[in-house]
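Here's the structure, in structure tokens; my notes come after.
The values are calculated or read from the model by the stated rules, or taken from the named source; none is laboratory data. Keep in mind it's a predicted model, so treat the numbers as computed, not measured. Here the Cβ is made from the backbone with ideal geometry for all residues, glycine too, and neighbour counts use every protein chain on show.
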Amino acid sequence: MPTAFVRGFRELLAEALDSVDPASGKRLGSCIGVYAFYDYDKEPIYVGQTREDFGTRIGRHLRGQRSDTLAYRILDPFEVAEMELYPLEFLRDEPTPDKKAKVDAVEYSAYVHAISESKYKAILNEKIPPVSEPVELPPHFRFNLIPEGMREEREHPDVRIARRAETLARVAAVAHERGEVSAGLRRVIVIQAVRLADLAAARLAYAEGRKRPDPASIDVPALVGNVMKEFTESDAD
């Protein structure tokens with residue numbers, strides 16, 4: 001039997017996916033499009049796309065249904081407090097190459113927007129979306145996924161510090177076990193470590209009665225490099 005929190009989380013997720021996209025008249029869960037996840041601080045943490053449907057894709061992320069265990073470990077579902085959906089159902093019947101290019105463009109634009117909104121200027125995408133010409137983001141829907149009355153407990157800094165440390169340890173263990181992993185996974189390990197250090201430092205400052213440290217005190221771009229496109233061998237020249 002799932003916990004009360006998990007049941008409430010899944011109910012809110014189901015309600016969100018049952019909402020109707022006015023442009024297509026279809027349930028959001030049945031639409032294709034781009035999505036973004038946010039944590040308890042409204043910090044963007046992940047951007048993705050689906051050309052299948054939101055219900056299937058987001059279920060894999062947030063209900064533990066991903067066949068790729070590594071991908072599930074990178075993103076802790078319990079860090080996701082809000083979800084943003086950009087339905088693109090009007091593109092479903094377009095020829096595959098055109099549809100892919102247009103969805104890619106929205107995904108990359110949403111990713112760039114998330115990076116600009118992030119206090120770390122980096123999010124937990126192992127794979128950076130295909131670089132595309134920026135486009136105007138379409139109408140979107142944003143949903144809270146935290147059950148009423150449970151936010152205070154779930155967003156407590158000590159709970160989140162413990163979860164971030166656990167997530168970081170799991171992903172680092174995968175890197176160790178596999179030996180050869182993508183540069184993107186190495187980047188995610190650094191970003192998750194930064195997120196952990198920032199929250200732990202904020203907790204220490206609170207305990208000592210000091211002002212919360214400025215996240216800019218950690219030079220994330222210097223640590224992870226370019227987050228706007230995938231690293232290639234030519235970048236090393």
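Of all residues in region 56-69, none satisfies being out of contact with any Asp or Glu (no Cβ under 9 Å at 6 or more places or on another chain), under 30 Å from Leu199 (Cβ atoms) and in a strand (DSSP E or B). Only one of the numbered conditions (1) at pLDDT below 95; (2) surrounded by 12 or more Cβ atoms within 10 Å (Cβ to Cβ); (3) more than 23 Å from Val227 (Cβ to Cβ) is violated by Tyr206, and that is (1).
Scan (1) assigned to a loop (DSSP other than H, G, I, E, B); (2) on the phi < 0 side of the Ramachandran plot for the single condition Lys121 breaks and write down its number. Just one mismatch for Lys121, condition (2).
Residues that are small (Gly, Ala, Ser) and under 19 Å from the mean Cα position of the chain (by Cα) were ranked within region 119-163; the one that is farthest from Glu107 (Cα to Cα) is Ala162.
Of all the numbered requirements in (1) polar (S, T, N, Q); (2) surrounded by 17 or more Cβ atoms within 10 Å (Cβ to Cβ); (3) assigned to a helix (DSSP H, G or I), Ser116 misses one, and that requirement is (2). Only one of the numbered conditions (1) under 30 Å from Arg163 (Cα atoms); (2) touching a helix residue (DSSP H, G or I) at 6+ places or on another chain (Cβ under 9 Å); (3) polar (S, T, N, Q) is violated by Ser132, and that is (1). Picking from residues in region 1-39 that are out of contact with any strand residue (DSSP E or B) (no Cβ under 9 Å at 6 or more places or on another chain) and part of a loop (DSSP other than H, G, I, E, B), the one that is farthest from Ser109 (Cα to Cα) is Met1.
Within region 40-57, the set of residues being buried (at least 22 other Cβ atoms within 10 Å of the Cβ) and either touching a Pro at 6+ places or on another chain (Cβ under 6 Å) or acidic (Asp, Glu) (or both) is empty.
Checked against the criterion of being within 24 Å of Leu62 (Cα to Cα), in contact with a Pro (Cβ under 6 Å, 6 or more places away or on another chain) and surrounded by 17 or more Cβ atoms within 10 Å (Cβ to Cβ), the candidates Glu107, Glu126 yield just one match: Glu107. When the test is whether a residue is on the phi > 0 side of the Ramachandran plot and under 16 Å from the mean Cα position of the chain (by Cα), Gly33 passes it. Considering region 17-30, the residues that are surrounded by fewer than 20 Cβ atoms within 10 Å (Cβ to Cβ) and of a type in the set (A, V, I, L, M, F, W, C) include one that is nearest to the chain's Cα centre (by Cα), namely Val20. Would you say Asp104 is at pLDDT 95 or above, at negative phi, out of contact with any Gly (no Cβ under 7 Å at 6 or more places or on another chain) and part of a loop (DSSP other than H, G, I, E, B)? No.
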